[in-house]
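Colleague: The structure under discussion is supplied below as structure tokens; questions concerning it will follow.
The values are calculated or read from the model by the stated rules, or taken from the named source; none is laboratory data. Predicted model only: the values in this text are computed from it and were never measured. In this analysis, Cβ positions are derived from the backbone assuming ideal geometry, glycine residues included, and neighbour counts consider all displayed protein chains. Each accessible area value is taken on the protein alone, full model and side chains, heavy atoms only, with ligands, DNA and RNA left out. Shrake-Rupley method; radii C 1.70, N 1.55, O 1.52, S 1.80 Å.
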Amino acid sequence: AFAGCDQQNRPAPTPQDGENQPEKGGGEGQKATELWQEEPTISLYMNEEDTVKELPLEEYLLGVVAAEMDPKWPQEALAAQAILARTFTLERIHSLGGVPERNTDASTDVEEFQAYDASRINDGVRQAVEQTRGQVATYQGALIKAWFFADGGGQTAASALEGLAYDKEETPYIHSVEDPGSAITEEGNKAWTASIPLAEARKKIQEFTGQDPGEITAAEVVEKGESGRALKVKAGNAVLGGPAFRLALGSTEVKSALITELKVESGSLKVAGKGYGHGVGMSQWGARAMAEQGKSAKEIIQYFFN
């Protein structure tokens, strides 16, 4: 399973933060077509080697698409991923200056930017990037926040606030739709369970939020969003946002905020749910399902983004 941009940009430890760091608006109102008249060369921080590499944007995207989606997946799913990866990259460069802490446009560190693995590039990835060359997703002419994730558990998030606790700016193009990927996704995404020892859960919540929940004798989802995702969770004495709860306990164990069961049992915090990822924007398994049904990359993106 590919978690998509689910691991990007660990937030500051506050109860309401989601999976993407607070982002400052930089060029709201400026049309995307006015920003770049030709393909930019970008600076890429290579996390593994601790070096900086300069390369053309489209060449960089080959490594991103290959890392963020299974390179053997259908062509139009890869093409949709390419459009979103390009949009994500350019929007971050425009609004944030890329990765300011590295003084580069992008980074191969998944907690700072997008995944990147040039060793996975194949002909399908090359074709996907080439056929979408220069294409980005915009809303009223401005680059969108091009969020994506692995599996929506049947339904995508109704807003960036619900899925990511993101409220820095309006994102009216995010809406809740049925995720067709649920029919073909891995069994571990259809239904998952996590069991975290209570002492460990207490420590993780305190470290992430700064709140000590005390001895956790009970836990419950106290508020749900439109798509059914947890907006607020109470564990012991601590109340935290659903996205923050998930990140605090581990986003590969608590795979989504689409929680179907939460309880204290036999010395552990038991969490059950469905889906994998924050649920905002494009479902990768959904993109695969739509591509297999003959939908184009453009149709896929226009389905998941309003």
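Colleague: In the range 153-178, which residue that is of a type in the set (A, V, I, L, M) and assigned to a loop (DSSP other than H, G, I, E, B) is surrounded by the most Cβ atoms within 10 Å (Cβ to Cβ)?
Modeller: First, pick out the residues of the range 153-178 that are of a type in the set (A, V, I, L, M): 157-158, 160-161, 164-165, 174, 177.
Now narrow it down to the ones that are assigned to a loop (DSSP other than H, G, I, E, B): 157-158, 165, 177.
Working: A157: 32, A158: 19, A165: 25, V177: 17.
Within the range 153-178, the match that is surrounded by the most Cβ atoms within 10 Å (Cβ to Cβ) is A157.
Colleague: Only residues that are over 30 Å from A230 (Cβ atoms) and among the hydroxyl-bearing types (S, T, Y): list them for the range 116-165, please.
Modeller: Correct list: Y116, S119, T132, T138.
Colleague: So is E91 of a type in the set (D, E, K, R) and surrounded by fewer than 19 Cβ atoms within 10 Å (Cβ to Cβ) or not?
Modeller: Values: of a type in the set (D, E, K, R): yes; surrounded by fewer than 19 Cβ atoms within 10 Å (Cβ to Cβ): no.
For E91, the condition - of a type in the set (D, E, K, R) and surrounded by fewer than 19 Cβ atoms within 10 Å (Cβ to Cβ) - is not met.
Colleague: Does S251 fit the bill of being open to solvent by 70 Å² or more (accessible area, probe 1.4 Å) and polar (S, T, N, Q)?
Modeller: Spelling it out, it is not the case that S251 is open to solvent by 70 Å² or more (accessible area, probe 1.4 Å) and polar (S, T, N, Q).
Colleague: Kindly indicate the residue of the range 234-247 that is more than 14 Å from L198 (Cβ to Cβ) and crowded, with 22+ Cβ neighbours inside 10 Å and also farthest from the chain's Cα centre (by Cα) among those meeting that condition.
Modeller: L240
Colleague: Take the conditions open to solvent by 70 Å² or more (accessible area, probe 1.4 Å) and either small (G, A, S) or touching an Asp or Glu at 6+ places or on another chain (Cβ under 9 Å) (or both) and apply them to A199. Does it pass?
Modeller: Yes, satisfied.
Colleague: Suppose we filter E76, E38 for residues that are part of a loop (DSSP other than H, G, I, E, B) and open to solvent by 50 Å² or more (accessible area, probe 1.4 Å); which single one remains? Steps first, please.
Modeller: Details: E76 fails: part of a loop (DSSP other than H, G, I, E, B).
E38 is the lone residue from the list that is part of a loop (DSSP other than H, G, I, E, B) and open to solvent by 50 Å² or more (accessible area, probe 1.4 Å).
Colleague: If you don't mind, there's one more thing I want to ask. If I filter the range 94-141 down to residues being of a type in the set (V, I, T) and closer than 19 Å to A66 by Cβ, which single residue comes out as surrounded by the fewest Cβ atoms within 10 Å (Cβ to Cβ)?
Modeller: Only one residue tops the list, namely I121.
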